[in-house]
1. Residues that are touching a Phe, Trp or Tyr at 6+ places or on another chain (Cβ under 7 Å): list the strands (runs of 3 or more DSSP E) wholly contained in region 371-490 that include at least 2 such residues.
2. Cβ-Cβ below 8 Å, separation at least six or inter-chain, first residue in region 26-44 and of a type in the set (Gly, Ala, Ser), second in a loop (DSSP other than H, G, I, E, B) and at pLDDT 90 or above: which pairs?
3. Being in contact (Cβ under 8 Å) with a residue 60 or more places away in the chain, part of a loop (DSSP other than H, G, I, E, B) and within 20 Å of Ala487 (Cβ to Cβ) is the filter here, so list the residues in region 155-187 that pass it.
4. Can you find a residue in region 21-44 that is of a type outside the set (A, V, I, L, M, F, W, C), modelled with pLDDT of 90 or more, assigned to a helix (DSSP H, G or I) and loosely packed, with under 14 Cβ neighbours inside 10 Å?
5. For region 52-68, does any single residue satisfy the condition of being out of contact with any Pro (no Cβ under 6 Å at 6 or more places or on another chain), farther than 30 Å from Arg358 by Cβ and either of a type outside the set (Gly, Ala, Ser) or modelled with pLDDT under 95 (or both)?
6. Looking at region 294-331 only, could you name the residues that are open to solvent by less than 20 Å² (accessible area, probe 1.4 Å) and among the β-branched types (Val, Ile, Thr)?
7. Report yes if Arg125 is over 21 Å from the mean Cα position of the chain (by Cα), closer than 22 Å to Glu445 by Cβ and basic (Lys, Arg), otherwise no.
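The values are calculated or read from the model by the stated rules, or taken from the named source; none is laboratory data. Quick caveat: nothing in here was measured; it's all calculated off a predicted structure. Note that we place each Cβ from the backbone using ideal geometry, even for glycine, and neighbour counts take in every protein chain shown. With ligands, DNA and RNA removed, areas are computed over all heavy atoms of the protein, side chains included. Shrake-Rupley method; radii C 1.70, N 1.55, O 1.52, S 1.80 Å.
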Amino acid sequence: MGILQELLLVFVGCILFFRYLKMRWAARSLPPGPSPLPVIGNLLSLKFKLHPETLKQLAKEYGNIYTIWMGHTPLIVLNGLKAVKDALVSHSEELSGRPEASFLRDITSGKGIVASNGHNWKQQRRFGLMTLRNLGLGKHGLESRIQEEAQYLTESFTIMNGKAMDPSNLITHSVSNVISNTVFGHRFSIDDMTFQKLVEGNHYLTKILGSAWGRMYDAFPWIMSHVPGPHQKSFENKEYIENFVKDEIRIHQENGIPEEPNDLIDHYLVQMEKTKNESNSTYDMSNLIQVVVDLFTAGTESTATTLQWGLLFMLAYPDIQVKIQNELDAVLEGSQTVCYEDRKKLPYTNAVIHEIQRYGNIASVGIARLSIRHVTLDGYSLDKNTIILPNLDSVLHDPKHWETPYKFNPNHFLDKDGNFVAPEAFLPFSAGHRVCLGEQLTRFELFIFFTTLLKTFSFYLPEEVTEVNTNYVFGITLQPHPYKICAIRR
């Protein structure tokens, strides 16, 4: 080895050593946590994943607020209702940012709603909320679209004539068409290959975001952006989805904006025209594309996955399925279309749907926040730009607030008289300024889809299957293992 190589190795070693000393010095003022290794921090002991079970085990050792290191970057983890709610509600404004250097940030280019920050985020989120209301969220318009898609889904199930089937694609297609109607102004046929590729690309993005590749990217964004691997395919899928959205926008522009905008793209194009001369406006084409992608991704993945868990739990707990159907038969007329308002007359069914969300908890640990200014959490003084991870799974399984946290139990949402109640530890949509934008839409969809299916069908295991696997496949969303089901019309 030549003298230059030796000097280079010494130089690199010194840099790494001083960075490690800097990391250890910074740790003195942070909450306790496992000792990090040079360069990789705690990634090795975490198995390069932010697995909810691992995070809860660490909480038993270090308390409900502790520090883990993603490379040289500290991540403050919050566990349990008290720690999470104190942070997200009491310090909602301070913890309203998203990490600047992350896989999610690069996938979205810092645009749209989910991963943007500051003025851009505030304008885009405000627009999203306003437009969903204008398009009928909470009113009859959007509810009728959900009811229509629920009927399409029952027809698709009926065609199978009780044969064993994997329901995931049919559910995803129906749920995706609700948000497609909202953002694009029309639905897609299940045989549309372009649409199928869009849904597949969307699913791949969410899968990789929660993987070990995603965590490596968060820890070493510059390096990983240049390293080959499955994460690079995410950017190819992102480009495909964006080109799909661009084509939809072009069609809207060619057709012209109607007097009454019909969908989100119409509304956004109107807003762009209104604010084109405002110096502080963030309404532009790049934000429009990402807002559509954000809503399509979130509006498809979360609801479809929750419904898949719902049917799986009906297989695992057939007695609960029967109780739901008895309540539906007693309260709803035979041919009556299910409305969201019916939940008030169906406390047990409503309780089961909420328990599916709690026990299935598809959001896993949630998405990290960034402190936009100095904040004090549980006595720890945290600087601006500190990354905070509220472990939502630890809230939905907090033994202080749930009688049987690791058992499927609809009674968590019923009082002693059988009336529906929502405990304060029910936070599947997170909380604070970054609470899920589509919370109300998801509530409508889950109730109408699930109730329509249980009203129409009884669900059974295929004859050759004797056990139900209720374990999850880990990712940014917790997916059920693939399963088959027999839907018999009642």
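1. Output list reads 486-489.
2. Ala27/Gly33; Gly33/Asn42
3. Across region 155-187, the qualifying residues are Met160, Gly162, Lys163, Ala164, Asp166, Pro167.
4. Checked against the condition, which is being of a type outside the set (A, V, I, L, M, F, W, C), modelled with pLDDT of 90 or more, assigned to a helix (DSSP H, G or I) and loosely packed, with under 14 Cβ neighbours inside 10 Å, region 21-44 yields no hits at all.
5. Initially, region 52-68 is screened for residues out of contact with any Pro (no Cβ under 6 Å at 6 or more places or on another chain), giving 52-61, 63-64, 68.
If we keep only those that are farther than 30 Å from Arg358 by Cβ too, we end up with none.
No, that holds for no residue.
6. Thr300, Thr303, Thr305, Thr306, Ile320, Ile324
7. Numbers: over 21 Å from the mean Cα position of the chain (by Cα): no; closer than 22 Å to Glu445 by Cβ: yes; basic (Lys, Arg): yes.
Criteria not met by Arg125.
Yes/no matrix, rows are residues, columns are (1) in contact with a strand residue (DSSP E or B) (Cβ under 7 Å, 6 or more places away or on another chain); (2) under 30 Å from Leu37 (Cβ atoms); (3) crowded, with 20+ Cβ neighbours inside 10 Å:
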site: Ser189; (1), (2), (3): no, no, no
site: Phe195; (1), (2), (3): no, no, no
site: His203; (1), (2), (3): no, no, yes
site: Leu209; (1), (2), (3): no, yes, yes
site: Tyr217; (1), (2), (3): no, yes, yes
site: Pro221; (1), (2), (3): no, yes, no
site: Tyr240; (1), (2), (3): no, no, no
site: Val245; (1), (2), (3): no, no, yes
site: Ile249; (1), (2), (3): no, no, no
